[in-house]
1. Would you mention how many residues in segment 36-60 are more than 25 Å from Pro170 (Cβ to Cβ) and surrounded by fewer than 17 Cβ atoms within 10 Å (Cβ to Cβ)?
2. Could you grab the pairs with beta carbons closer than 7 Å, sequence gap of 6+ or different chains, first residue in segment 170-194 and without any contact (Cβ under 8 Å) to a residue 60 or more places away in the chain, second one of a type in the set (A, V, I, L, M) and part of a loop (DSSP other than H, G, I, E, B)?
3. Among the listed residues Arg226, Arg274, identify the single one that is within 28 Å of Ser163 (Cβ to Cβ) and surrounded by fewer than 23 Cβ atoms within 10 Å (Cβ to Cβ).
4. In segment 45-61, which residue that is touching a Pro at 6+ places or on another chain (Cβ under 8 Å) and of a type in the set (A, V, I, L, M, F, W, C) is modelled with the lowest pLDDT?
5. Taking the criterion of being closer than 30 Å to Ser199 by Cβ, in contact with a strand residue (DSSP E or B) (Cβ under 6 Å, 6 or more places away or on another chain), at pLDDT 95 or above and assigned to a helix (DSSP H, G or I), would at least one residue in segment 82-101 satisfy it?
6. Within segment 62-75, count every residue that is modelled with pLDDT of 95 or more and surrounded by fewer than 19 Cβ atoms within 10 Å (Cβ to Cβ).
7. Can you tell which of Leu99, Leu81 is in the same structural domain as Asn276 (by TED's automatic domain parsing), free of Cβ contacts under 8 Å to residues at least 60 places away in the same chain and buried (at least 18 other Cβ atoms within 10 Å of the Cβ)?
8. Is it the case that Leu132 is in a strand (DSSP E or B), crowded, with 22+ Cβ neighbours inside 10 Å and either assigned by TED's automatic domain parsing to the domain that holds Asp298 or of a type in the set (A, V, I, L, M, F, W, C) (or both)?
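The values are calculated or read from the model by the stated rules, or taken from the named source; none is laboratory data. Since we're looking at a predicted model, the values are computed, not measured. Note that each Cβ is placed from the backbone with ideal geometry, even for glycine, and that neighbours are counted across all protein chains shown.
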Amino acid sequence: MFRRRFLVGLVAALALSCLPWRAATAQPWPARPITLLVSSGPGAGVDLFARVLAEQLQGRLGQSIIVENRPGASGMIAARLASRAAPDGYTIFLMPNTLVIAPYVLAENAATVSVMKELAPVIMPVSTMMVLAVNGKFADRNGIRTVSDLAEYTRRHPELPYSGGDNGSPMNVMGEQFKKEAGLRMTHIPYGGVAKTVSALIGGHVNVAWMPTSGNMSHFKNGALRALATSSPARSPQMPDVPTMAELGFKDVRATAWFGILAPLGTPQPIVGRLNSEINAVLGSADMRAKLAELGYDPEGGGPEALAAQMREDDERYRRLTSDLNIRAK
């Protein structure tokens, strides 16, 4: 009897001694820095936004947010890391909507990640319009000020090179749809991402491109690039003099680029909710809105379900378009 009481007392004492350790490990989230994975290299639009967001968000969360660039494999390297990360709220993923399209254009044996099925939506923070842009000097030399001017030039110079970033990107899809509707022959020159496309366009290595305005507004303001039309549903306050493709009769040449923040599946709902709430608060601040306008972004926000709905819409639309236009990554 004495031995049994002794053992019971010993177990109880050990259990009590563990309580401080349990209390220490059950700290409120976040208790340490958060990693924000980005699917591009430094300097790209998604990277610029990641750093602006991290700067604003870490003050509200009380922890540092470390932007980690993991480019490569059409964004799949970062997506794979995010999908395999611990679902504890300390790894989140900022992706462009290109990754919704990727499974339909990458090779069948490519190691793709379905962001629709393997990650949990948190919020769609921003979107940006896409424009049909031309090199400023090229436009001046050839009298190109409108989409009609470009179309006429292209008919005189068949197979005119253009770029829409990577094969299968929303910009590439818009370029191929424009070719089809306008009856033009143009050759797509893929570049590894938006930053390289813009550099090639400014340098005159290619003179026509579909591109997002985010992070690139200064090139339009200083005349290095000229925007002929946007693929947005309506004219943008950032470029009120630039018509939409729909206005010009190209009703199906429409698209918007957007970014989404996702978390590993299984991330606790209270953490997802807190992230969503704090990012919405950041997007609503006057300072943040001014910064986003300067960079060429439109604030979005809303709940996780809004991002999920946008992902489903893009999934359906681009699955059809990439098939109809026979677009594959190369």
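1. To start, the set of residues in segment 36-60 that are more than 25 Å from Pro170 (Cβ to Cβ) comprises 55-60.
Of the ones still in play, those that are also surrounded by fewer than 17 Cβ atoms within 10 Å (Cβ to Cβ) are 55, 59-60.
Matching residues across segment 36-60 total 3.
2. Ile189/Val206
3. Just one listed residue meets the conditions, Arg226.
4. Restricting attention to segment 45-61, the residues satisfying the condition of being touching a Pro at 6+ places or on another chain (Cβ under 8 Å) are 45-46, 49, 53, 61.
Next cut, of a type in the set (A, V, I, L, M, F, W, C) only: 46, 49, 53, 61.
Values: Val46: 88, Phe49: 93, Leu53: 97, Leu61: 97.
Going through the qualifying residues, I end up with Val46.
5. Scanning segment 82-101, I find at least one residue that is closer than 30 Å to Ser199 by Cβ, in contact with a strand residue (DSSP E or B) (Cβ under 6 Å, 6 or more places away or on another chain), at pLDDT 95 or above and assigned to a helix (DSSP H, G or I), so the answer is yes.
6. Going through segment 62-75 one residue at a time, the tally reaches 7.
7. Checking each option against the conditions leaves just Leu81.
8. When the stated conditions are applied, Leu132 passes them.
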